[in-house]
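Student: Have a look at this one before I ask anything.
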């Protein structure tokens, strides 16, 4: 059974458009250097899981589209590369500290669903996004996933909002 996740990225560095433009629309999701996010990657995320791509640190932060996890978690190779900004001298091949997965682009929403819009949907009030806003890899419930995909794909028929 697939699980659901939200992965954050800064679109000036790497966006949903960049993901869609990769060969095979697939990329290694690496460079995660937060222990809680790492634990999700290492212990919880599996091939076949669904991912919301969230643009952060930009003019309109929000959900830009979806992706699918297409590999099992594996050690992030950037931690071993002294020329990488993600190099970790305390990490070794025998005892890696950081993990990554490969993801494949599934859909790009016509417009980013702004976080300001997400906050108006009562059924999303308990999202991890609103409790741990800085976490770059976070779980999403199946119900939240369904609402968010509906919001992204059907702009003319939005989920009712609580005023």
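Student: Per DSSP H run of n ≥ 4, the term is -39500 (n - 2.57); total these for the chain, divide by its residue number, and report the mean residue ellipticity at 222 nm rounded to 500 deg cm²/dmol. Each step should come with its number before you reach the end.
Tutor: Values: 5 runs with 31 residues, N = 163.
Value at 222 nm, helices only: -4500 deg cm²/dmol.
Student: Using only Cα atoms, locate the centre of the stretch 97-117 and the centre of the stretch 67-93, then give the distance between them in Å, rounded to an integer.
Tutor: That distance is 20 Å.
Student: Compute the angle between helix 142-153 and the longest alpha-carbon principal axis of the chain, please, reported from 0 to 90 degrees and rounded to the nearest 10.
Tutor: In the chain, helix 142-153 runs at an angle near 70 degrees to the longest axis.
Student: From a point 7 Å beyond the Cα of residue 93 in the direction of its Cβ, which residues of the stretch 35-79 have a backbone N at a distance under 18 Å?
Tutor: Under cut-off, by backbone N: 74-79.
Student: Gain in length, residue 81 to residue 39, computed as 0.36 nm per residue apart minus the alpha-carbon separation, to one decimal in nm?
Tutor: Numbers: separation 42, 0.36 × 42 = 15.12 nm, distance 2.12 nm.
Here the answer is 13.0 nm.
Student: Let me ask something additional. For the chain, with a Gaussian network of springs between Cα atoms less than 10 Å apart, report the residue from 111, 39, 83 with the top mean-square fluctuation.
Tutor: Looking only at 111, 39, 83, the biggest GNM fluctuation is shown by 83.
Student: Using alpha-carbon pairs under 8 Å, 6+ residues apart, how would you state the relative contact order of the stretch 23-110 in percent? Each step should come with its number before you reach the end.
Tutor: Values: 161 pairs, mean separation 33.5, N = 88.
This gives 38 percent for the stretch 23-110.
Student: Using Cα pairs under 8 angstrom and six or more residues apart, how large is the relative contact order of the stretch 4-153, in percent?
Tutor: On the way: 282 pairs, mean separation 47.0, N = 150.
Result for the stretch 4-153 is 31 percent.
Student: For the stretch 4-153, what is the convex hull (Cα atoms) projected area averaged across all directions, in square nanometres?
Tutor: 8.8 nm²
Student: With both partners inside the chain, how many of the DSSP beta bridges are antiparallel, as a percent to the nearest 5?
Tutor: On the way: 23 of 29 bridges.
That works out to approximately 80 percent antiparallel.
We did not get these values from a lab; they are worked out from the coordinates using the rules stated. The model shown is predicted, which means the values in this text are computed figures rather than measured ones. Please note: Cβ atoms are built from the backbone with ideal geometry, for glycine as well, and neighbour counts cover all protein chains shown.
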